[in-house]
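Student: Below is a structure I'd like to ask you about.
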Amino acid sequence: MTLKAIESRFAEILQEQMTSPSESDLTLEGPLLSKIPPKIIWAKLQFEDNLQQTPEALLISGFDFEAFRDINTATEKYPEINLKFRGQPWTISEFLKGSDSSALIDFEDLGSVLLSRSPLEGQKGNELHDFIMPLWLNYALSPELWGPQGKWTRFHERLLNIFNQHNLLDGKATLGYYPLQSKVEKLQDFGFKGTRLDKSYLLVMPWSFSLTELNKLEQIIRQEF
């Protein structure tokens, strides 16, 4: 595939993502990403066409990491790591706030990773996940998301504000994880799909949750509750 053909395919994928269904899947087991970041799409296309020979050397502030094809491969190499979880914004938030030194994190289609606050001696490979994971972690752990004015910091403040204003919380909320009163299941009628628990309705934010979706969710809550 020529560079022009890669650019054409790249544009096609971006267009496909822009025209994907508008329903917001905020279920506990929903997709981690409904829209893949452009840098990762580009890296994947280059890797598949053998134009990119070595993974980009990116330093993740405060962390070292080793990438794997999947969580089973990561677990086999590091069975002594007790903390293992699915890489959603809320679980990443809990890890960043916590004191655990390392964790095995499953990012599913992107691959898996051992993320450590201490230096690692694992060898960097040349498989697809070795190209994708540095780019993904550089974004997923960035101040752009978690700093004082970062996306998830601001989104959490706004979500807590709207849920508290309308007395909708039903349990302890953490960043990206919101147990709400069962009547909030009504949000499904407006395209926001959550998880029905025993006595509450849970909304879990995926990485792709956007400002447009947040604005729409706030508007609906003001109108309906």
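Student: Of all residues in region 209-220, how many are outside any helix (DSSP H, G or I) and surrounded by fewer than 18 Cβ atoms within 10 Å (Cβ to Cβ)?
Tutor: Adding up the residues that qualify gives 1.
Student: Next question. Taking into account only those residues within region 185-206 that are part of a loop (DSSP other than H, G, I, E, B) and of a type in the set (Gly, Ala, Ser), which is farthest from residue 93 (Cα to Cα)?
Tutor: As a first pass, look at region 185-206 and keep what is part of a loop (DSSP other than H, G, I, E, B): 191, 194, 197-199, 205-206.
Still in the list and also of a type in the set (Gly, Ala, Ser): 191, 194.
Details: 191: 26, 194: 20 Å.
Per the stated criteria, the residue is 191.
Student: Among the residues of region 130-144, what is the count of those that are buried (at least 18 other Cβ atoms within 10 Å of the Cβ) and within 16 Å of the chain's Cα centre (by Cα)?
Tutor: So in region 130-144, the residues buried (at least 18 other Cβ atoms within 10 Å of the Cβ) come out as 130-137, 140-141.
Of the ones still in play, those that are also within 16 Å of the chain's Cα centre (by Cα) are 132-137, 140-141.
The total comes to 8.
Student: Sticking with this structure for a sec: For region 156-184, which positions are assigned to a helix (DSSP H, G or I) and closer than 12 Å to residue 26 by Cβ?
Tutor: 159, 184
Student: Could I ask something else about it? Being more than 14 Å from residue 225 (Cβ to Cβ) and out of contact with any helix residue (DSSP H, G or I) (no Cβ under 9 Å at 6 or more places or on another chain) is the requirement here; does residue 125 meet it? I'd like the intermediate steps shown before the answer.
Tutor: Values: more than 14 Å from residue 225 (Cβ to Cβ): yes; out of contact with any helix residue (DSSP H, G or I) (no Cβ under 9 Å at 6 or more places or on another chain): yes.
Against the criterion (more than 14 Å from residue 225 (Cβ to Cβ) and out of contact with any helix residue (DSSP H, G or I) (no Cβ under 9 Å at 6 or more places or on another chain)), residue 125 qualifies.
Student: Restricting attention to region 163-184, and to residues there that are out of contact with any Pro (no Cβ under 9 Å at 6 or more places or on another chain) and surrounded by 17 or more Cβ atoms within 10 Å (Cβ to Cβ), which single residue is farthest from residue 212 (Cα to Cα)?
Tutor: Step one: list which residues in region 163-184 are out of contact with any Pro (no Cβ under 9 Å at 6 or more places or on another chain), which gives 163-168, 174, 178-184.
Narrowing further to those that are surrounded by 17 or more Cβ atoms within 10 Å (Cβ to Cβ): 163, 168, 178-181, 184.
Details: 163: 18, 168: 21, 178: 19, 179: 22, 180: 21, 181: 24, 184: 20 Å.
The extreme case among them is 181.
Student: Here's something else I'd like to know. Within region 71-99, which residues are of a type in the set (Ser, Thr, Tyr) and within 22 Å of residue 28 (Cβ to Cβ)?
Tutor: Residues of region 71-99 of a type in the set (Ser, Thr, Tyr): 73, 75, 78, 91, 93, 99.
Across region 71-99, the qualifying residues are 75, 91, 93.
Residues checked against (1) hydroxyl-bearing (Ser, Thr, Tyr); (2) outside the structural domain of residue 96 (by TED's automatic domain parsing); (3) free of Cβ contacts under 8 Å to residues at least 12 places away in the same chain:
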site	(1), (2), (3)
118	yes, no, no
127	no, no, no
134	no, no, no
156	no, yes, no
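Student: Which one is modelled with the lowest pLDDT among residues in region 119-155 that are closer than 21 Å to residue 48 by Cβ and assigned to a loop (DSSP other than H, G, I, E, B)?
Tutor: Only one residue tops the list, namely 124.
The values are calculated or read from the model by the stated rules, or taken from the named source; none is laboratory data. From a predicted model like this one, the values you see are computed outputs, not experimental measurements. Glycine gets a Cβ as well: all are built from the backbone with ideal geometry, and neighbour counts include every protein chain shown.
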